[in-house]
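Everything on this sheet refers to the single structure shown next.
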Amino acid sequence: MQTATHTGLALVAFAANSVLCRRALGEAAIDPASFSVIRLASGAVALMLILGIRERGRVRPSGNWVSTASLFLYAAAFSFAYLDLSAGTGALILFGAVQASMAFAALWEGDRPESREWAGMLLALGGLGYLVSPGLAAPTLSGSLLMVIAGGAWGVYSLRGRGIADPLGDTAGNFVRTLPLAAGLGLVTLQNSRVSAEGVLLAVVSGALTSGVGYVLWYAALRGLSATRAAVVQLTVPVLAAGGGVAFLSEGFSTRLVLAAVLILGGVGIALRGRVRRRGGDNPQWRASYMFARSARWDFATIDVGAGDGAFPPCVANASFRLNRFLDPAVGARRTPAE
């Protein structure tokens, strides 16, 4: 259940990053290079402070340069892409590219998806292809390409985070190592820099909270996620980001965006259901991740699958039993619903 909690909080943080970045750049409160520099710097400061408190002053950040380069490339391409993309559209392209890169890596490592997982991934990628296909409502090519680059870089960063023993120390070290790269970006774009108090505040919140803390949670979650599963669950972020864009940025839902979201989230649900069945319906972590993805589609409410032992009202126990039976048909042969 801890993996599911870390995953859910991290995905909300990812969506918030899209909303914060789009708000800052859409209102011309800051230029993309300055946003990236401040975001990375504030993330490094916040994580080093947290690490210092945990270690009682003996700060020993870890990390590595491959992850650092991936993090920097993601942050820079992400910011420049949002000059031309809405929050929801950018998130759809970003995490579609993430899914493609991580799924390829999973295949390379010998993780062979079953037919249901293939169908789900292809459906989700088809939704992404529909979103960026030429047309009156299609996003700009430059913005789309930059976001694809950001997605590939984030996929590499996520893959390298699997098996990390110390998510906080590793994330802090990666952020600190980006500072020379960020300084170089700032110097190159200094003549075109544009900052305001609002833009700086948004970049600091994005860096310290939704990036720094969010990435620590994500690295913690990755210890319980396979590459394929990590790729698939991230495709719930675009719906959260699109909702945030409507709520906080007054962005609208285009028909293209809505249809693409339905295809992508439908693919997520299909792929996760196939993986739940393959890994065993009794595994609570797989079941929790599937429930999280399904709840993002607004089909049904997320219910604690532990109900049915008398601790919950009969209606909740019955709902839990039906959900368990849906995820694992063998449940019906082992247990009867509450009366």
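Just so you know, all these numbers are worked out from the coordinates, no wet-lab data involved. Keep in mind that what you see is a predicted model, and the values were worked out from it rather than measured. Don't worry about glycine lacking a Cβ; one is built from the backbone with ideal geometry, like all the others, and counts go over all protein chains shown.
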Quiz prompt | 11 Å beta-carbon shell around Glu198, net charge (K/R +1, D/E -1) | solution = 0
Quiz item: What order do you get for Trp118, Trp108, Trp218 when you list them from fewest to most C-beta neighbours inside 10 Å?
Solution: Trp108, Trp118, Trp218
Exercise. Treat the count of other C-beta atoms within 10 Å as a stand-in for reagent exposure and order Thr210, Thr255, Thr68 from fewest to most.
Key: Thr255, Thr68, Thr210
Practice problem: Rank-order 54-61, 150-157 by packing density, defined as the average count of other C-beta atoms within 10 Å over each peptide's residues, highest first. | Solution: 150-157, 54-61
Quiz item: For the range 71-194, what's the relative contact order in percent, using C-alpha pairs closer than 8 Å and at least 6 residues apart?
Solution: 46 percent
Exercise. Order by neighbour count: Leu259, Leu146, Leu125, fewest other Cβ atoms within 10 Å first, most last.
Key: Leu259, Leu125, Leu146
